[in-house]
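Trainee: Pasting a structure here, questions to come.
None of the figures in this text is laboratory data; all of them are computed from the coordinates on show. Nothing here was measured: the structure is a model prediction, and the numbers come from that model. Because the Cβ atoms are built from the backbone with ideal geometry, glycine has one as well, and the counts that use them run over all protein chains shown.
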Amino acid sequence: MRAPDTRFIDRPMTDADIAAVIAMERQACLHPSHAWSDDNYRSSLRAGYWARVRCDADTGRVCAVIVAMDGVDEVHLLNIAVDQAWHGQGMARQLLSVLYARSTQRRAALVWLEVRPSNAPARTLYEREGFVQVGVRKGYYPAPEGREDALVMRREVALPPLTEAPDALD
Ligand SMILES: CC(C)(COP(=O)(O)OP(=O)(O)OC[C@H]1O[C@@H](n2cnc3c(N)ncnc32)[C@H](O)[C@@H]1OP(=O)(O)O)[C@@H](O)C(=O)NCCC(=O)NCCS
């Protein structure tokens, strides 16, 4: 097993992180208007969605965020963003591996997401991670000129077999 990276601390996101997360994400996105709003984060936290931040262990500065919504036997990745200074160094992949581990624990065999066709970095990330496109939502996202479609992508998470129920149950 790989040793934890002591440069970072991963912890649940709170309302107190929202301003820093939005500032980070607006820099990270291809277009600042693609970043999540204060309301998006606030309502996700209120709804109890799984939201984690990765912070610099020395300064506490937010380096990345990931938000997902649990379904019965699936998980919906709602957002992921990495500080521009850390792009291309595997941080998004690391956060996704935490999401898959959690999905395995919850016995959620599928991870779903939506992505803008114009978001080449995110599409490459998801394709490298084994997500496959399974649909298109027409005009899903607001865009600088009109609306932009969403590509719907899905990835299977391998689940270990359930252990036998103990005899004592009958
Ligand atoms: C998409 C994003 C999260 C990727 O984060 P990252 O930490 O740079 O990604 P990683 O370093 O883990 O890279 C993962 C894979 O994606 C590829 N990738 C990442 N950025 C890329 C880019 N700009 N162009 C092409 N490929 C890219 C990498 O090559 C890598 O594949 P590899 O390991 O096989 O080489 C980051 O660009 C970001 O924060 N974007 C703004 C927010 C956003 O668009 N989120 C997605 C919402 S759907």
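Trainee: Find all pairs meeting these conditions: Cβ atoms under 7 angstrom apart; at least six residues apart or on different chains; first residue within the range 81-108 and under 25 Å from Ser37 (Cβ atoms); second residue β-branched (Val, Ile, Thr) and within 8 Å of the ligand (Cβ to nearest atom).
Mentor: Met91/Val82; Ala92/Ile80; Ala92/Val82; Leu95/Ile80
Trainee: Look at the range 29-43 and say how many of its residues are surrounded by 14 or more Cβ atoms within 10 Å (Cβ to Cβ) and either closer than 18 Å to Ser103 by Cβ or touching a helix residue (DSSP H, G or I) at 6+ places or on another chain (Cβ under 7 Å) (or both).
Mentor: Keep residues of the range 29-43 that are surrounded by 14 or more Cβ atoms within 10 Å (Cβ to Cβ), which gives 29, 34-36, 40-41.
Then keep just the ones that are either closer than 18 Å to Ser103 by Cβ or touching a helix residue (DSSP H, G or I) at 6+ places or on another chain (Cβ under 7 Å) (or both); that gives 35-36, 41.
Looking only at that region, the number is 3.
Trainee: Checking Ala101 against (1) under 14 Å from the mean Cα position of the chain (by Cα); (2) assigned to a helix (DSSP H, G or I); (3) surrounded by 15 or more Cβ atoms within 10 Å (Cβ to Cβ), only one condition comes out false. Which one?
Mentor: With respect to (1) under 14 Å from the mean Cα position of the chain (by Cα); (2) assigned to a helix (DSSP H, G or I); (3) surrounded by 15 or more Cβ atoms within 10 Å (Cβ to Cβ), Ala101 is out only on (3).
Trainee: Among the residues of the range 45-84, write down those that are small (Gly, Ala, Ser), farther than 22 Å from Pro121 by Cβ and either within 16 Å of the ligand (Cβ to nearest atom) or in contact with a strand residue (DSSP E or B) (Cβ under 7 Å, 6 or more places away or on another chain) (or both).
Mentor: Within the range 45-84, just Ala57 meets the criteria.
Trainee: Now, a different point. Could you tell me which residue of the range 9-21 is nearest to the chain's Cα centre (by Cα), considering only residues that are buried (at least 18 other Cβ atoms within 10 Å of the Cβ) and more than 12 Å from the ligand (Cβ to nearest atom)?
Mentor: The residue in question is Met13.
Trainee: Return yes when Ser118 is assigned to a loop (DSSP other than H, G, I, E, B) and within 13 Å of the ligand (Cβ to nearest atom) and no when it is not. Please lay out each step first, then the result.
Mentor: Values: assigned to a loop (DSSP other than H, G, I, E, B): yes; within 13 Å of the ligand (Cβ to nearest atom): yes.
Yes: the conditions hold for Ser118.
Trainee: Inspect the range 97-110 for any residue being touching a Lys or Arg at 6+ places or on another chain (Cβ under 7 Å) and farther than 17 Å from Asp10 by Cα and give the result as yes or no.
Mentor: Looking for residues that are touching a Lys or Arg at 6+ places or on another chain (Cβ under 7 Å) and farther than 17 Å from Asp10 by Cα, one finds at least one in the range 97-110, hence yes.
Trainee: I'd like the full set of residues that are more than 7 Å from the ligand (Cβ to nearest atom), part of a helix (DSSP H, G or I) and not aromatic (Phe, Trp, Tyr), limited to the range 121-134.
Mentor: Answer for the range 121-134, where residues must be more than 7 Å from the ligand (Cβ to nearest atom), part of a helix (DSSP H, G or I) and not aromatic (Phe, Trp, Tyr): Arg123, Glu127.
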